[in-house]
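Structure first, commentary second.
The values are calculated or read from the model by the stated rules, or taken from the named source; none is laboratory data. Here the structure is a predicted model, which is why all the values come from computation and not from measurement. No Cβ is skipped: glycine too gets one built from the backbone with ideal geometry, and neighbour counts run over all protein chains shown.
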Protein chains: 2
Amino acid sequence: MTVSPAKPRLAVIDTDSGFLKVLTRRLDAAGWEYRVFSGPVPADELVAMKLSALLIDLRVVEPIGWEFLERAAGMLPDLGLVVITQDATVAQRVRGLRLGADDWVSKPAHPEEVIARLESVVRRRRRGEQRTDVGPLVAGDLEIRPDQFEAFAAGQAVGLTRREYELLSVLANAGGRVLERDDIYQRVWGYAMAHGDRSVDVFVRKLRSKLRQHSPSWEYIHTHFGVGYRFEADPGPDEAEATEPSEADVASTTATPEAANVAASSTS
Amino acid sequence: MTVSPAKPRLAVIDTDSGFLKVLTRRLDAAGWEYRVFSGPVPADELVAMKLSALLIDLRVVEPIGWEFLERAAGMLPDLGLVVITQDATVAQRVRGLRLGADDWVSKPAHPEEVIARLESVVRRRRRGEQRTDVGPLVAGDLEIRPDQFEAFAAGQAVGLTRREYELLSVLANAGGRVLERDDIYQRVWGYAMAHGDRSVDVFVRKLRSKLRQHSPSWEYIHTHFGVGYRFEADPGPDEAEATEPSEADVASTTATPEAANVAASSTS
DNA sequence: CAGCCTGTGAAAACCCTGTGAACACGTCGT
DNA sequence: ACGACGTGTTCACAGGGTTTTCACAGGCTG
């Protein structure tokens, strides 16, 4: 299944308005999150921004260019660091790269290439990043754990198969929206649903069965006739009682995929 | 885990004798290990060389330049990939970078800068690589000692081969997460798993066999159907039963590499 | 009420994993 | 150089879990 990559976070330190204009336009199109600065930024502030990459015109932070570069590289070893300058000698570029820069491009530069280089740097940085799996998702008394490909109710594993887990994951990460069958199929199976295929229905049944079995007092998957399915933890038909006296205190019953949804599946 | 050689290993694919001459001189001075090729190199040969980086003039591998680039990048995600060309449009450079290249420099290029860029790429590659610092890890009555490339059960060596140890190490250091086969393969073998490769399964069997032999009362490697494997020390199939399966008695059966590593981390 | 949509149960087809063994390769001792 | 040995890779098959398919029953909409 294809996963939407978390948006890269970028800080740009530059003052070249013309370049910035065309660069930011492309960044927007590419879906980056970014902030622009016109001068040196305190190191701890950079840290706080949880950046993926930093694009910096050394001239802007003169006269402490090298020092700034070195500090940033030393303080944020995982940060992608790309320097861009009007004119630079080979010696300067070499020095910058040795100091910790990941790339160095010269103005005038095509924004598309700058972005491609930023992507390359971020990609490389991500590669090593130990499976920053998304945090578990909690709804009702259900906990969905991507690192286990499994869901837990009251600390007990539900025993989902691969597909069941993927389906639950897709539904739960939809943020309470109703998903159409074709949409669900597309996301879970990875290709278009054939006309008349009932797989989604069948798996919804299996899921419901297992969930009900492990968490009887909640309703998780809701049918929308003629449309599709929606995930939301509902206290449900409260004929069954005795076990769960306090449901009211549970704050967010709806799934809240605020944490990025990077499932770690690399199906070839 | 791939061994990161003290000296970076580089392959150069280029035919520009003048450039090569001056480049190799500098490479020698900088203490790199390298080999020079004058044409396309079979993918499996690249794998066998355990490279840190690859410097390639795309013109030399024409007409399959892009394909070659893509294959190399796909097969060796951890390989530093730097392209160098005489003339290239922005579009070409962008394409190359998107295809997986880590950097792209234009001839004529100063060898020192090329080396600096190679260093930068390798540094980045390495940075992410093994955050899994060495430190004994205990789970069940198993002790995994990175300094010995060996595991011990009840003080007795299990007798693991290199690959078996790497596999066990990767699994045990995953912190109880389920690892997919491709993931495991990538980490142990160092390159992408070919479709249909069963090596991981076979080694899991060997590992289980040896572990069972030396520590019969514990289960360490758990299969997750359709997903992969997970490491966790389980008291195992105790034929004696009658008592309620209260899992509360076994405190921390799961491996916790983070905690263990803090103890003896001698980062050189 | 008719027509389509969904829930359900079970059988069949499919794919995944465990397993044993043959095969390829490099090392080391004789 | 030769052959025994340890290691890693590949293959085919068996068993079983998983997924798909199918038919029918029950609901919802117009």
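Among the residues here, B:Arg98 does not qualify as under 18 Å from the mean Cα position of the chain (by Cα) and either in a strand (DSSP E or B) or within 8 Å of chain A (Cβ to nearest Cβ) (or both).
Taken together, A:Asp44, A:Asp87, A:Asp28, A:Asp78 contain a single residue that is more than 14 Å from chain B (Cβ to nearest Cβ), in a loop (DSSP other than H, G, I, E, B) and out of contact with any Ser or Thr (no Cβ under 7 Å at 6 or more places or on another chain), which is A:Asp87.
Taking segment A:51-74, which residues are among the small types (Gly, Ala, Ser) and over 26 Å from the mean Cα position of the chain (by Cα)? Passing the criteria: only A:Gly65. Those strands (runs of 3 or more DSSP E) of segment B:134-208 in which 1 or more residues are within 20 Å of the chain's Cα centre (by Cα) and within 11 Å of DNA strand D (Cβ to nearest atom) occupy B:150-153. In segment B:167-182, the qualifying residues are those that are more than 20 Å from B:Pro146 (Cβ to Cβ) and crowded, with 20+ Cβ neighbours inside 10 Å, and the one that is farthest from DNA strand C (Cβ to nearest atom) is B:Val178. Among the residues making up segment B:192-217, none is buried (at least 21 other Cβ atoms within 10 Å of the Cβ) and among the aromatic types (Phe, Trp, Tyr).
Among the residues of segment A:151-166, those identified as surrounded by 21 or more Cβ atoms within 10 Å (Cβ to Cβ) and within 15 Å of DNA strand C (Cβ to nearest atom) are A:Leu160, A:Glu164, A:Tyr165, A:Glu166. Whenever a residue of segment B:206-230 is farther than 15 Å from B:Phe152 by Cα and within 12 Å of chain A (Cβ to nearest Cβ), its partners that are more than 12 Å from DNA strand C (Cβ to nearest atom) and assigned to a helix (DSSP H, G or I), lying with C-beta atoms within less than 8 angstrom and at least six residues away or across chains, give the pairs B:Gly228/B:Asp183; B:Tyr229/B:Leu171; B:Arg230/B:Leu171. Take the conditions modelled with pLDDT under 90, within 14 Å of chain A (Cβ to nearest Cβ) and in a helix (DSSP H, G or I) and apply them to B:Arg126. Does it pass? Yes.
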